[in-house]
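Data first, discussion second: the structure below is written as structure tokens.
The values are calculated or read from the model by the stated rules, or taken from the named source; none is laboratory data. Quantities reported herein were computed from a predicted structural model and do not represent experimental measurements. Every residue, glycine as well, gets a Cβ built from its backbone with ideal geometry; the counts of neighbours run over all protein chains shown. The area values use the complete protein model at the heavy-atom level, side chains included, leaving out ligands, DNA and RNA. Shrake-Rupley method; radii C 1.70, N 1.55, O 1.52, S 1.80 Å.
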Amino acid sequence: MPDKSATIRQTDNAVNPLDVSYILHHMNEDALPDHAVSPPIFQTSNFCFSSFAELKAALEDEVGSCLYTRGNNPTVNLVESKIAALEHGEKAKLLGAGVAAISNAVMAFVRQGDHIICVADSYGWMQRLLIYLERFGVSHTIVDGTRIEDIERAIRPESRIIYLESPTSLTFFIQDIPAITAIAKAHGIRTIMDNSWATPIFCNPIDFGVDLVVHSLSKYFGGNSDIIGGVIIGTAEDIDHIVWQESLQLGAVADPIMAWLVMRGMRTLHIRMPVHYKSALAVAQFLENHPRVAGVNYPLLASHPQHELAQRLFRGGSGLFSFRLKTQSVEDVARFVDSLSLFKRAVSWGGYESLVFPEAAHYARSVPVDRLNLIRLHIGLEDVSLLIQDLDRALGRL
Ligand SMILES: *Cc1c(COP(=O)(O)O)cnc(C)c1O
């Protein structure tokens, strides 16, 4: 189903980044029987062939052909080509979770003796992957992503990957992506960036020189808090290498129904993201002026220390950020969190609904003492004045 027109259209940079309708429609029309508006779900594990020669040809191209759904499936491939176009990459691989995208992308390019450089405060399961890889003789260095000189100093002859996540989980520091990718290229090191936060609506890391982009589709792409999925975007050569080296072997398969739900979510991604952004900015501004709040971590807030860099790298921001209460007491944090009525207490983010996640809830899992007052919010699509009222009432209970 993927065709050449996809590759031609994705390089059309004249298109307003927020007007993604050309991608949402691309390639549906030709493929659909009986003028159906929505593409079908190919709920099949297997594909059959009319001759020995056709079967043989499919087997010879297991990375590219619809032979068996662990490798390819028309519904999954359709979504992959849309996401590749949206992220300005040549090719994408959909997988069963964001962590599968991260681990497949990382593991395909390291072997025993190699070294990975990773920014501090990356997603927790990425940090655990680095520890997991020690078992196979792959070492790592964690660096402060805001300090280019620290990243450069961490480079060794055996460094293969610089892993970026911008902004970082919970702390929301951003990295100077073009400066880092320039250094990486000079040393022949591959860069991988988790772009789940900004989505391709607000940032295209490949345009800044990043080699591989990963996303948790469970967040904004799905947009309805009802799926788990992940994707890797990059050059066709890198994606084929990942599929052959890791994905077909490890089997974190994207199922066709999940892929179809991602496609449904994507139709409104460019409508939802500006709403999350506008509301998050309003809530962040309310919080930074509140006497019981010690500070707000949202890179697009004018007072954020990296605001200028954020404006250069992001066309907008998502609904996810954190702030600190003035108190250091876990009891106060619990009282604040329990006083909220519109914000649901939960992990994850990226859906229609507003969520609160206090880092102190991770207390048993070694939360640094100075971060017990850190609260992460996801600002959903509800009326923002009601969300601010809810926060104001809960802060009043402190
Ligand atoms: C949730 C998340 C992931 C992991 O995605 P899953 O779909 O839950 O496996 C990766 N990166 C970031 C930044 C996330 O927030």
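Can you order the peptides 228-235, 188-195, 389-396, 288-295 by their average number of other Cβ atoms within 10 Å per residue, highest first?
Values: 228-235: 25.0, 188-195: 22.2, 389-396: 16.6, 288-295: 14.1.
Final packing ranking: 228-235, 188-195, 389-396, 288-295.
Sequence gap of 8 or more, or different chains, plus Cα separation below 13 Å: how many lysine pairs satisfy both in the chain? Don't skip to the end; give the middle numbers.
On the way: 4/82; 4/91; 82/91; 82/93.
Going through the chain pair by pair, I get 4.
Our estimate of slack between residue 111 and residue 303, defined as 0.36 nm per intervening residue step minus the Cα-Cα distance, is 64.8 nm. Between 75, 168, 44, the GNM of the chain built on Cα springs shorter than 10 angstrom shows 44 fluctuating the most.
Taking the C-alpha atoms only, the angle from helix 74-86 to the longest principal axis of the chain is near 60 degrees.
Ligands, DNA and RNA left out, the accessible area of the chain computed with a 1.4 Å probe is 54% carbon and sulfur.
Counting only protein chains, not ligands or nucleic acids, how are 362, 276, 270 ordered by accessible area (probe 1.4 Å), most first? Kindly include the intermediate steps, with their values, before the conclusion.
On the way: 362 65, 276 0, 270 35 Å².
From most accessible down to least: 362, 270, 276.
For residue 156 and residue 248, the difference between the fully extended length at 0.36 nm per residue and the C-alpha to C-alpha distance is 30.0 nm. Taking amide H as placed 1.01 Å from N in the peptide plane, residue 72 has its amide H under 5 Å from the amide H of 67, each at least 5 places away in sequence or on another chain.
The distance from the alpha carbon centre of the stretch 264-312 to that of the stretch 148-203 is 22 Å, rounded to a whole number.
When the square roots of the Cα gyration tensor eigenvalues are ordered a ≥ b ≥ c, the ratio a/c for the stretch 163-293 is 1.5 or more and a/b does not exceed b/c, which makes its shape oblate.
Angle check, please: helix 98-107 long axis (alpha carbons) against the longest principal axis of the chain (alpha carbons), in degrees 0 to 90, nearest 10. With rounding to tens, the tilt is 70 degrees.
Residues whose amide H lies under 5 Å from that of residue 141, counting only those 5 or more places away or on a different chain, are 116, 117, 118; hydrogens are built 1.01 Å from N in the peptide plane. Put the Cα centre of the stretch 365-397 next to the Cα centre of the stretch 213-253 and the gap is 31 Å. For the stretch 225-230, putting each phi into the Karplus relation 6.51 cos²θ - 1.76 cosθ + 1.60 with θ = phi - 60° gives couplings of 6, 9, 9, 10, x, x Hz, in residue order, rounded to whole numbers and with x for Gly and Pro. Just to confirm my numbers, what's the Cα centroid distance between the stretch 59-73 and the stretch 98-141 in Å? Value for the Cα centre distance between the two parts: 27 Å.
Are there GluC sites (Glu not before Pro) in the stretch 130-189 that DSSP puts in a loop and that have at most 14 other Cβ atoms within 10 Å, and which ones?
Details: sites: 134, 149, 152, 158, 165; in loops: 158.
In loop regions of the stretch 130-189 (DSSP not H, G, I, E or B), the sparsely surrounded GluC sites (Glu not before Pro) are 158.
With the simple model of a label 7 Å out from the Cα in the direction of the Cβ, residue 397 to residue 34 spans 5.3 nm.
Say R0 is 45 Å: what FRET efficiency, to the nearest 0.05, do residue 312 and residue 52 get from their beta-carbon distance?
Numbers: r = 57 Å, r/R0 = 1.26.
Using R0 = 45 Å, I get an efficiency of 0.20.
Among 357, 49, 109, the largest mean-square fluctuation in a Gaussian network model of the chain (Cα springs under 10 Å) belongs to 49. Value of Rg to Rh for the chain, rounded to two decimals, is 0.98; Kirkwood radius and Rg both from alpha-carbon coordinates. Phi angles of the stretch 91-96 translate, via the Karplus equation with coefficients 6.51, -1.76, 1.60 and θ = phi - 60°, into HN-Hα couplings of 8, 9, 10, 7, 9, x Hz per residue; Gly and Pro are given as x. Per residue, the chain exposes an accessible area of 44 Å² to a 1.4 Å probe, with every protein chain left in place. Computed over the chain, relative contact order equals 15 percent, with contacts defined as Cα pairs under 8 Å that lie 6+ residues apart.
According to the square roots a ≥ b ≥ c of the eigenvalues of the Cα gyration tensor, what is the shape class of the stretch 204-277, taking rounded for a/c under 1.5, prolate for a/b larger than b/c otherwise, and oblate for the remainder? Write out the running numbers ahead of the final one.
Numbers: a/c = 2.82, a/b = 1.33, b/c = 2.13.
Since a/c reaches 1.5 but b/c is at least a/b, the shape of the stretch 204-277 is classed as oblate.
Each stretch of four or more DSSP H residues adds -39500 (n - 2.57); spread over every residue of the chain, this sum gives -10500 deg cm²/dmol at 222 nm. Close amide H partners of residue 123, meaning residues 5 or more places away or on another chain with modelled amide H under 5 Å apart, are 169.
In sequence order, the stretch 179-184 has phi-based couplings of 5, 5, 5, 5, 5, 4 Hz under the Karplus curve 6.51 cos²θ - 1.76 cosθ + 1.60, θ = phi - 60°, and Gly or Pro positions carry x. Placing a label point 7 Å from the Cα of residue 43 along the Cα-to-Cβ direction, the residues of the stretch 216-255 whose backbone N falls under 20 Å from that point are 226-229, 253-255.
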